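Below: the structure, in structure tokens.
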Amino acid sequence: MKDASIIVCRCEEVTLEQIHEAIRQHACSARETKLRTRAGMGICGGRTCRPLLDRLTMPSEGDSLTDFPLKVQPPVRPVSFAEWGQSS
Amino acid sequence: MSYGRIEHHPVLGPLPRAAALSFSFDGIEYTAREGDSVASALLAGGVRTLRLHEEHGSPRGIYCNIGHCMECRVTIDGISSVRACLTLVKDRMSILSGTVLPTPFRQETKTEGSPDL
């Protein structure tokens, strides 16, 4: 299957090709890839593609992991601002 | 593809009786059984596309069916991003499917555009 038809981030519809392109062009870390391609910023909170992004941007074996992996972003479940406002 | 329900399951036997409920999805009336989730009631009614992707408009529907992936989110009685797979059907519920949202500021860069699946 060609990279263009493999969707890595289902919520933002970011394909493997777009991520490879971002990494190849800017040699970016997981966090920068997320910022450039929006993969991991979807409503599911990166549940599906966060580990994939970390894996895709992992340096080749042997190098130490210099930058930080992506962290799980709160809120754990999507909350609308309306609900958020009421709870405080 | 025919939809509808498994009336006589080879192992579970006949479908037990349940009260009939009616709800509307995008203005069309559907019937459901008490205890149906919105996603299963719509599937039984032949509706698989619950929403379109906000940016690229690709049709989306039930995926994980356990409330994990948010793909089945619809607007129920005015409340948006409600997961259809976790929400039980109530009588006279009005459900709206997700539509493409405007992206006025997005420029078409070369790597952009909808992936050709």
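Would you check if there is a residue in region B:31-38 being within 14 Å of another protein chain (Cβ to nearest Cβ), touching a Ser or Thr at 6+ places or on another chain (Cβ under 9 Å), modelled with pLDDT under 95 and surrounded by 13 or more Cβ atoms within 10 Å (Cβ to Cβ)? No, region B:31-38 has no match at all.
Considering region B:95-115, the residues that are closer than 19 Å to A:ALA22 by Cβ and surrounded by fewer than 10 Cβ atoms within 10 Å (Cβ to Cβ) include one that is modelled with the lowest pLDDT, namely B:LYS110. The numbered conditions (1) more than 13 Å from the chain's Cα centre (by Cα); (2) in a strand (DSSP E or B) are all true for B:TYR3 except (2). Looking at the structure I just gave you, is B:THR49 touching a residue at least 24 places away in the same chain (Cβ under 8 Å) and polar (S, T, N, Q)? It is true that B:THR49 is touching a residue at least 24 places away in the same chain (Cβ under 8 Å) and polar (S, T, N, Q). Scanning region B:46-94 for residues that are hydroxyl-bearing (Ser, Thr, Tyr), surrounded by fewer than 14 Cβ atoms within 10 Å (Cβ to Cβ) and within 12 Å of chain A (Cβ to nearest Cβ) yields a single hit, B:SER80.
The values are calculated or read from the model by the stated rules, or taken from the named source; none is laboratory data. On a predicted model such as this, the values are computed, not experimentally measured, just so you know. Here the Cβ is made from the backbone with ideal geometry for all residues, glycine too, and neighbour counts use every protein chain on show.
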